[in-house]
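Structure first, commentary second.
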Amino acid sequence: MKISIYKVTGELVKVLLSGTKTAGNYEVTMNTAHENVEFSSGIYFYSIEANAVDGSSTFKQTKKMILLK
């Protein structure tokens, strides 16, 4: 599973999560003042990508989010 944050220009800003997870519900928090990454107020896109362990299927979805500081 991988969760990535992109600017409107398509530039990758941060990978929030990358690794193998068991089936279930998860919550990921984005710290906007973490690891020398500057997040300004504005529009960003987040992409979620998940692959089946056996490689039989892939889920990928990208959605828009608005960050207000």
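The values are calculated or read from the model by the stated rules, or taken from the named source; none is laboratory data. What you see is a predicted model, and the numbers here were worked out from it, not measured in a lab. Using ideal geometry, Cβ is built from the backbone for each residue, glycine included, and neighbour counts are taken over all protein chains shown.
Tabulated data for the structure shown
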item: The range 33-69, subset in a strand (DSSP E or B) and hydroxyl-bearing (Ser, Thr, Tyr), residue farthest from the chain's Cα centre (by Cα); result: Thr58
item: Subset tally (residues that are surrounded by 10 or more Cβ atoms within 10 Å (Cβ to Cβ) and either free of Cβ contacts under 8 Å to residues at least 12 places away in the same chain or part of a strand (DSSP E or B) (or both)) for the range 1-25; result: 13
item: Filtered residues of the range 1-26 (kept if within 10 Å of the chain's Cα centre (by Cα) and not hydrophobic (A, V, I, L, M, F, W, C)); result: Lys2, Ser4, Tyr6, Lys14, Ser18
item: Qualifying residues in the range 27-56 (those that are more than 15 Å from Ser4 (Cβ to Cβ) and modelled with pLDDT of 90 or more) - the one surrounded by the fewest Cβ atoms within 10 Å (Cβ to Cβ); result: Glu27
